[in-house]
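Contents: one structure, followed by commentary.
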Amino acid sequence: MRTATEPTTDITEPITRPPLPETPPSPEPRHEPGNDVGPEAVRIVEHAGPYDLRGMPVWCAECSARRDWAFIGQGRNVWIACRCGTVWHEPEMGRRDIDALYRPGGPTYPTVRQALAAMGRDGTFRGLYFT
């Protein structure tokens, strides 16, 4: 039996830590404006009611809103935009979720920021809910 003062004879490899995950990319389109097809297409979907992710309701940490979202999808990444102007990456959502909510034929914008401003998601309508 080894005591705390005796050296160990076990030779183990040093502990290697996995690399930290990359920060999610910013929600800016990398495709031609107006193109809503293909793997890199940016799709923005508005959802007026509450939305649950695996049984947990989505809510904004900034203003505590629990409904009236805009989902921004590009490739495998999804961001959620609140009416107060807060936008965050949501790893629980994926392309399938956006495709299920998306309806083609809406207006197109050259950038995501312009689209969010046109939808009132830049903080202009902070605290207001439309029904």
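The values are calculated or read from the model by the stated rules, or taken from the named source; none is laboratory data. Everything numeric in this text was worked out from a predicted model, so none of it was measured. Neighbour counts run over all protein chains shown; Cβ positions are idealised from the backbone, glycine included. These area figures cover heavy atoms from the full protein model, side chains too; ligands, DNA and RNA do not enter into them. Shrake-Rupley method; radii C 1.70, N 1.55, O 1.52, S 1.80 Å.
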For the range 74-94, enumerate the residues that are modelled with pLDDT of 85 or more and either among the basic types (Lys, Arg) or within 10 Å of Arg43 (Cβ to Cβ) (or both).
Val78, Arg83
Which numbered condition Thr86 fails, given (1) among the polar types (S, T, N, Q); (2) open to solvent by less than 50 Å² (accessible area, probe 1.4 Å); (3) touching a helix residue (DSSP H, G or I) at 6+ places or on another chain (Cβ under 9 Å):
(3)
Contact list please: Cβ distance under 7 Å, first residue in the range 89-108 and under 12 Å from Phe71 (Cβ atoms) and open to solvent by less than 50 Å² (accessible area, probe 1.4 Å), second residue part of a loop (DSSP other than H, G, I, E, B) and of a type outside the set (Ser, Thr, Tyr), pairs at least six apart or on different chains.
Gly94/Arg76
